[in-house]
């Protein structure tokens with residue numbers, strides 16, 4: 001077990017390092033650098049741009065820049081964002097930008113997952129217990145409809161109805177619970193659909209399984225058969241599914257964050273990319289890689305708890 | 001051997017009819033089946049896939065999936081009480097406690113995420129007020145009874161740590177946990193290799209003797225019946241076509257189908273080029289013929305067989321057959 005975790009962590013570190021290399025090179029290959037983009041918006045002369053490049057070390061050889069980047073990241077010095085300047089000096093440490101955005105993204109991700117599960121598991125269970133019933137068919141049709149509408153469009157419909165027409169919720173923003181509801185709802189639709197489908201399919205198979213018949217033949221009640229013997233087995237595929245989705249959510253939902261002006265990690269990354277804000281990009285991307293590594297590891301660890309067939313190997 | 005007269009009827013199945021309502025049509029899986037299970041006997045039900053033998057046994061415990069299945073007619077009298085009229089709650093007391101089932105697939109019939117001990121203990125505690133520690137002791141005793149070595153260690157194993165034969169023993173232990181009077185073994189040895197098969201059959205016979213059980217053994221293997229059973233029911237096309245004590249059936253089958261089945265068993269002392277087979281296919285359960293269901297494959301079939309369905313009648317004491325032109329009963333015994 002310990003050896004397994006160690007191996008996975010080492011491989012994870014390698015993954016993070018590779019993403020660092022790739023992102024470092026990619027942003028430098030993109031046209032324009034932070035100095036010129038900043039200067040372009042400020043009506044300044046060429047000499048000032050040069051002085052910025054020099055100050056930010058962008059005139060150094062690329063290898064040197066990379067070693068400085070890695071050294072800074074390892075020592076936890078993420079530098080200052082190039083986007084926010086007072087009197088030509090960066091004043092926003094990247095770390096404080098990220099720390100400001102992280103809780104928002106985390107709360108949103110956790111709420112979406114929990115909300116979706118609370119809706120999807122009962123829904124999927126009902127469908128699995130009565131396959132082919134009108135309820136099952138109706139659920140399926142609604143799900144297909146939702147799946148075929150892009151997320152941002154669902155968001156726009158939500159705004160049009162809930163905010164503009166009925167004036168129930170603010171159109172966006174961050175801070176109070178009311179402005180939190182729509183981004184959560186908007187993101188949840190897709191997850192509810194996927195989670196319901198998985199629960200329905202997996203539980204449907206388990207309900208027809210031989211061991212459930214054994215459980216019933218023991219004289220156990222329907223409830224015990226379903227919850228003790230059925231759902232416990234369904235948890236394994238559901239955890240896998242949550243794991244694969246959680247990574248995406250924890251690294252920010254770009255469209256939805258932008259649409260509802262709910263500025264989380266995703267929005268931070270997008271604005272950093274358009275500003276060629278190297279320090280921010282170079283910090284956020286390894287963070288995203290690290291989140292995926294950790295979530296995947298957590299999913300694998302949860303198998304140990306849920307599935308004895310893996311535990312005893 | 002006890003004499004037939006003193007035996008009590010434990011399970012009396014009368015005119016049992018089970019249908020499956022599928023998208024393709026109504027499948028008549030069990031058609032007007034009547035038989036009795038006596039106290040202390042092993043009753044074999046033999047037939048090919050789709051003959052209705054498994055559905056018959058599942059129907060007596062009301063374990064068929066509803067929908068698409070439904071028991072449309074009949075009575076299943078367990079010690080005089082009609083199982084088919086019981087509420088779901090009453091069924092919970094009957095399942096495992098009065099009738100228990102040994103399943104066909106030892107590899108999948110156990111829940112992979114619980115220890116075998118937990119699965120036996122659960123069955124014990126469902127039907128008695130036993131404490132956890134006591135139930136665990138009983139579980140270990142049961143594992144010992146079904147021949148699992150080092151049961152006090154094995155009790156904490158998960159199903160995947162056991163071989164197929166061992167799992168089948170665990171399934172038998174679970175079936176015994178509620179101390180039922182009737183065991184239904186649905187193809188208990190089909191998924192096992194031959195040596196393990198023999199061990200499991202011996203175990204079932206031993207349990208029947210020592211634990212005083214009655215057993216219904218469902219199989220497609222006449223060899224298994226010969227080794228294990230006292231009486232045998234032959235099913236074909238959702239019906240009983242022959243019912244007989246085991247020895248006379250093998251010596252002198254009455255129904256042409258039984259005769260065909262027996263002649264298709266390869267004999268060790270004869271060299272044959274090709275095995276004997278019964279030509280043709282089982283009838284489509286969606287469209288069963290009006291007359292005798294075996295008639296299209298039967299060598300003895302006459303015009304009458306196509307039009308008129310033979311009913312099950314007594315051909316000799318203890319021997320029933322559903323055929324217009326059965327083989328002659330030999331009385332040389």
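No value in this document is a laboratory result; all are computed from the given coordinates. Quantities reported herein were computed from a predicted structural model and do not represent experimental measurements. Cβ atoms come from the backbone with ideal geometry, glycine included; neighbour counts cover every protein chain shown.
Which shape class applies to the stretch A:98-311: rounded if a/c is under 1.5, otherwise prolate when a/b exceeds b/c and oblate if not, where a ≥ b ≥ c are the square roots of the Cα gyration tensor eigenvalues?
Oblate, since a/c reaches 1.5 and b/c is not below a/b.
Is it possible to state the helix-based mean residue ellipticity at 222 nm for chain A, with each DSSP H run of 4+ residues giving -39500 (n - 2.57), the sum divided by total residues, to the nearest 500 deg cm²/dmol? What is it?
Working: 14 runs with 224 residues, N = 313.
Result for chain A, helices only: -23500 deg cm²/dmol.
With springs only between Cα atoms under 10 Å apart, run a GNM on chain B and tell me which of B:46, B:272, B:13 wobbles the most.
Sorting by GNM fluctuation, first place goes to B:272.
Which stretch or stretches of the stretch B:240-254 have amide N atoms under 17 Å from the point lying 7 Å from residue B:269's Cα along the Cα→Cβ direction?
Under 17 Å, as judged by backbone N against the label point of residue B:269, lie B:250-252 of the stretch B:240-254.
Arrange the following residues from fewest to most other Cβ atoms within 10 Å of their Cβ: B:160, B:255.
Ascending number of Cβ neighbours within 10 Å: B:160, B:255.
Using only the Cα atoms of the stretch A:60-128, what are the Rg and Dmax in Å?
Just the Cα atoms of the stretch A:60-128 yield Rg and Dmax of 20.9, 63 Å.
Quick one: Cα convex hull volume of the stretch B:200-333, Å³ per residue?
149
Would chain B count as rounded, prolate or oblate if I go by the C-alpha gyration tensor, calling it rounded below 1.5 in a/c and otherwise prolate when a/b exceeds b/c, oblate otherwise?
In terms of gyration-tensor shape, prolate.
Calculated FRET efficiency, residue A:167 and residue B:9, Cβ-Cβ r, R0 51 Å, to nearest 0.05? Before the final figure, lay out the partial values.
Values: r = 76 Å, r/R0 = 1.48.
Calculated transfer efficiency: 0.10.
Who wins for biggest fluctuation among A:271, A:209, A:188 in a Gaussian network model of chain A, springs between alpha carbons below 10 Å?
Of A:271, A:209, A:188, the Gaussian network model singles out A:209 as fluctuating most.
Taking neighbour Cβ counts within 10 Å as the exposure measure, how do B:222, B:176, B:286 sort from fewest upward?
Working: B:222 20, B:176 23, B:286 12.
Placing the least packed residue first, the sequence is B:286, B:222, B:176.
Along the Cα-to-Cβ line of residue B:73, 7 Å from the Cα, sits a label point; which residues in the stretch B:292-320 have backbone N less than 16 Å from it?
Under cut-off, by backbone N: B:309-312.
Given the options B:301, B:135, B:290, state which has the largest fluctuation in a GNM of chain B using a 10 Å cut-off (strictly under) for Cα springs.
Comparing B:301, B:135, B:290 in the GNM, the peak value goes to B:290.
Give the average, rounded to an integer, of partner chain Cβ atoms located within 10 angstrom of each Cβ in A:216-228.
6
For the residue pair residue A:201 and residue B:87, what label-to-label distance in nm results when each label sits 7 Å from Cα along the Cα-to-beta-carbon direction?
Those two pseudo-labels are separated by 4.0 nm.
For chain B, what is the calculated [θ] at 222 nm in deg cm²/dmol (nearest 500), taking -39500 (n - 2.57) for each run of four or more DSSP H residues and dividing by its residue count?
Counting only the DSSP helices, I get -8500 deg cm²/dmol.
Taking neighbour counts of Cβ atoms within 10 Å as a proxy for exposure, in what order, fewest first, do A:165, B:79 appear?
So the ranking, lowest neighbour count to highest, is A:165, B:79.
Å³ per residue of the Cα convex hull, for the protein assembly as shown?
241
Give the percent of DSSP beta bridges with both residues in the protein assembly as shown that are antiparallel, rounded to the nearest 5.
The antiparallel proportion sits near 65 percent.
Other chains' Cβ within 10 Å of B:64-71 residues: what's the mean?
That works out to 1 on average.
How many nm separate the modelled label positions at residue B:160 and residue A:300, each set 7 Å beyond the Cα in the direction of the Cβ?
About 1.6 nm, to one decimal.
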